[in-house]
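The structure appears right after this line, and notes come after that.
The values are calculated or read from the model by the stated rules, or taken from the named source; none is laboratory data. Not measured: the values here are computed from a predicted model. Because the Cβ atoms are built from the backbone with ideal geometry, glycine has one as well, and the counts that use them run over all protein chains shown. For accessibility, only protein heavy atoms count, side chains too; no ligands or nucleic acids. Shrake-Rupley method; radii C 1.70, N 1.55, O 1.52, S 1.80 Å.
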Amino acid sequence: MIDRATVEKIKDAANIVDVVGEFVTLRKAGMNYKGLCPFHNEKTPSFIVSPARGTCHCFGCGKGGNSISFVMEHEQMTYPEALRWLANKYHIEIKERELSDEEKREQSERESMFIINEYALKYFEDILHNHEEGKAIGLQYFRSRGFRDDIISKFQLGFDLSNRYAFANTALEKGYKSEFIEKVGICYKNDRGELIDRYSGRVIFPWIGVSGKVVGFGGRKLDAATKGVQQKYVNSPDSEIYHKDRELYGIYQAKKAIAKEDRVYMVEGYTDVISMHQCGIENVVANSGTALSLHQIHVLHRFTSNITLLYDGDSAGIHAALRGTDMLLSEGMNLKVLLLPDGDDPDSFARKHTASDFRQYIEEKQTDFIQFKTDLLLKNERDPLKRSEAINSIVESIAMVQNQILRDTYLHDCAQRIGISESTLINQMNKFIRNGREQKTPQVQTPIPKVVPVNVVSSNTPTTGDSKVQQMLIQLVIRHGKRVIYNNVEDEEGNLHDINIIQYVSLNLSADNLRFNNELYNRILEEAVEHLNDDGFDTQNYFINHEDITISKLAADMSQDKFHLCESQQVKNDQESLRNRTLHLILDFRKEYLDGRLKAIKRDIAQVTNDMERMRALMSEYQETMHLRNELAKKLGNNIMTR
């Protein structure tokens, strides 16, 4: 593990102009530098590098960050890998934290297992290309599937001899330990204690992790008795370095294309991935027939938020499309589904079409998941009980969608298609959302002194959408958090204090139990409060260089001005301007909340039928909330009529 002092040394040494200049031709543009964006195709330079801030930003696609996040994005590296890359560039010696004896043993074992896997990959490749049995059976099989030699090499495909002792004997002769050969699962021991090749007589598909290390293997059996029709797959068993529910086949070969295209195609099998690469579509991975896990989704989310499930149109393909989809929606992925024509899977379809034709077909035929599920479950279904169960399943999926506007749109469209009132679906969806919240672990908030400058109708942990107002408010905290906007404010004990933006925002939101809808914003505000009195604390520098790369990238993006403005049009940042901006955004935040509350009360009123007491309570709350909302609107200078 890289120690903290070394990380700080790397950050201090990394010059954003030097780092970006390794990959982009930069030209001086005033105090900054400009070049063509490396993350999307453009003819006019819109990629700006700011040496003063230590950040870069593209005004075309929005990507950017500091030196570390740029290397991570461009080279598709992890945070530690990017640190090591920068350390090597600036000749900084990496000082690892001293590991305990137990940690050293575990690290040594892991490295030994990776070494065995790397040797096995080369061994299987060599057999495929240079051994008579490998060429006659393995290579012939791959060529019969239409795989070109360059694609076979790209995925480092191989073959294991039918002699069940061959690999173990060869590896032991070269000095590899039987303990690790067995631990990675390439071999297992029989009753006599002999090491037996797990993949004997099979073609080999190596599993290569995001970092490029070989984590496991899949072997396909070629059964001569059925002339290759019967196929059986064997994967590496779980080990210290391989867990099937944490890996994605093809992720190493696909990661750059996924980031560039900002979309990933999910297929079922090895050959689907390989054929699509050969067709020219490289942003594709496979989960090999298992439901997607949370870890796999997080891996994909590093590169894109857009995923299309691409399966064949038979019952197995439909079942695969339904597995794990609610988890994808709950993790904020934009999910689409495409079922290929009957008789085709991505492998066969890719071999029949060019990349442009395949992409055009996907664009025309893919549909959002909610529409797919609605059409699938309710098509020609007349049984009331089954329809009820299907509608519940659809609404539960909609409840998983994180974007509130998108969720409301799905619900509205669903109500139109199935002929049920939107208010009924909203009521059911809210039940699912409440149940989901109750199952989550309560969050601990940083204690903040309570003041009540404006009263807001209370409710259970109110939130408002991740709107432009919230983005602008957290941007103020990042860019100008320590700037004082009120001088000599007297507290209850008569003491005078200066109030900065961090304090003002924290006190106002906590006073009414309001939180940002985006948990990353809440974390930024809480950390700003926590470190406010630290010596030399600067919000922008702290968050741009944050150890959490997600916060670092967000802060770098928010530190950039999105448009180039002439001096007369630039936003002023004197004390009065910052105070007015902060006050206005806080009022906007409250008004957004009250608008949302009014909408919720209207929905509740629509659900009430014979309960007059409940109706009166809701009407009273509606009038009180409307009064507060209109008072806020007056302060904001809006001419909003009471409705």
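Key figures for this structure:
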| read-out | value |
| --- | --- |
| Residues located in region 552-579, provided they are at pLDDT 80 or above and open to solvent by 80 Å² or more (accessible area, probe 1.4 Å) | Glu576 |
| Pick from region 392-417, criterion part of a helix (DSSP H, G or I) and open to solvent by less than 20 Å² (accessible area, probe 1.4 Å), ranking: farthest from Thr325 (Cα to Cα) | Ala415 |
| Residue selected from region 343-355 under the condition free of Cβ contacts under 8 Å to residues at least 40 places away in the same chain and farther than 20 Å from Met266 by Cβ, by the criterion most open to solvent (accessible area, probe 1.4 Å) | Lys352 |
| In region 594-643, residue modelled with the highest pLDDT [restricted to those that are part of a loop (DSSP other than H, G, I, E, B), of a type outside the set (S, T, N, Q) and open to solvent by 40 Å² or more (accessible area, probe 1.4 Å)] | Asp611 |
| Failed condition for Asp223, given (1) modelled with pLDDT under 90; (2) closer than 16 Å to Ser112 by Cα | (2) |
| Strands (runs of 3 or more DSSP E) contained entirely in region 1-80, each with at least 1 residues that are under 19 Å from Asp557 (Cα atoms), open to solvent by 30 Å² or more (accessible area, probe 1.4 Å) and not charged (D, E, K, R) | 32-35 |
| Residues of region 150-175 that turn out to be of a type in the set (A, V, I, L, M) and in contact (Cβ under 8 Å) with a residue 40 or more places away in the chain, as a count | 4 |
| Qualifying positions in region 357-374 - in contact (Cβ under 8 Å) with a residue 40 or more places away in the chain, in a helix (DSSP H, G or I) and out of contact with any Ser or Thr (no Cβ under 7 Å at 6 or more places or on another chain) | Phe358, Arg359, Gln371, Phe372, Thr374 |
| Residue check, Glu194 open to solvent by 70 Å² or more (accessible area, probe 1.4 Å) and not basic (Lys, Arg) | no |
| Enumeration of residues in region 116-144 that are within 18 Å of Phe217 (Cβ to Cβ) and of a type in the set (Lys, Arg) | Lys122 |
| Close pairs (8 angstrom Cβ cut-off, 6 or more residues apart or separate chains): farther than 16 Å from Val24 by Cβ in region 59-84, open to solvent by less than 10 Å² (accessible area, probe 1.4 Å) and in a loop (DSSP other than H, G, I, E, B) anywhere | none |
| Some residue of region 270-278 being at pLDDT below 90 and either at negative phi or surrounded by 24 or more Cβ atoms within 10 Å (Cβ to Cβ) (or both) | no |
| Condition check for Leu339: crowded, with 19+ Cβ neighbours inside 10 Å, over 15 Å from the mean Cα position of the chain (by Cα), more than 29 Å from Met77 (Cα to Cα) and at pLDDT 80 or above | yes |
| Single residue of region 359-391 satisfying the filter (among the hydrophobic types (A, V, I, L, M, F, W, C) and either within 23 Å of the chain's Cα centre (by Cα) or within 20 Å of Pro341 (Cα to Cα) (or both)) that is surrounded by the most Cβ atoms within 10 Å (Cβ to Cβ) | Phe369 |
| The lone exception for Glu240 - which of (1) open to solvent by 60 Å² or more (accessible area, probe 1.4 Å); (2) under 15 Å from Ile116 (Cβ atoms); (3) not in a loop (DSSP other than H, G, I, E, B); (4) not β-branched (Val, Ile, Thr) it fails | (3) |
| Tally, over region 289-313, of residues that are surrounded by fewer than 20 Cβ atoms within 10 Å (Cβ to Cβ) and not charged (D, E, K, R) | 14 |
| Whichever residue in region 253-264 is modelled with pLDDT of 90 or more and open to solvent by 10 Å² or more (accessible area, probe 1.4 Å) and, among such residues, is nearest to His40 (Cα to Cα) | Arg263 |
| Unique residue being more than 27 Å from the chain's Cα centre (by Cα), open to solvent by 20 Å² or more (accessible area, probe 1.4 Å) and free of Cβ contacts under 8 Å to residues at least 60 places away in the same chain when the list is Asn518, Asn533 | Asn533 |
| Tally, over region 497-549, of residues that are assigned to a helix (DSSP H, G or I) and among the charged types (D, E, K, R) | 5 |
| Residue match in region 141-148 (condition: of a type in the set (D, E, K, R), free of Cβ contacts under 8 Å to residues at least 40 places away in the same chain and closer than 26 Å to Ser275 by Cβ) | yes |
| Positions within region 304-317 being at pLDDT below 75 and not acidic (Asp, Glu), in sequence order | Gly313, Ser315, Ala316, Gly317 |
| Pair list, Cβ < 9 Å and 6+ apart or interchain, from region 189-218 residues that are among the polar types (S, T, N, Q) to residues that are in a strand (DSSP E or B) | Asn190/Ile196; Ser200/Gly219 |
| Val229, sole failed condition from (1) part of a strand (DSSP E or B); (2) at pLDDT below 85 | (1) |
| Among residues of region 187-206, those that are over 13 Å from Leu161 (Cα atoms) and assigned to a loop (DSSP other than H, G, I, E, B), counted | 5 |
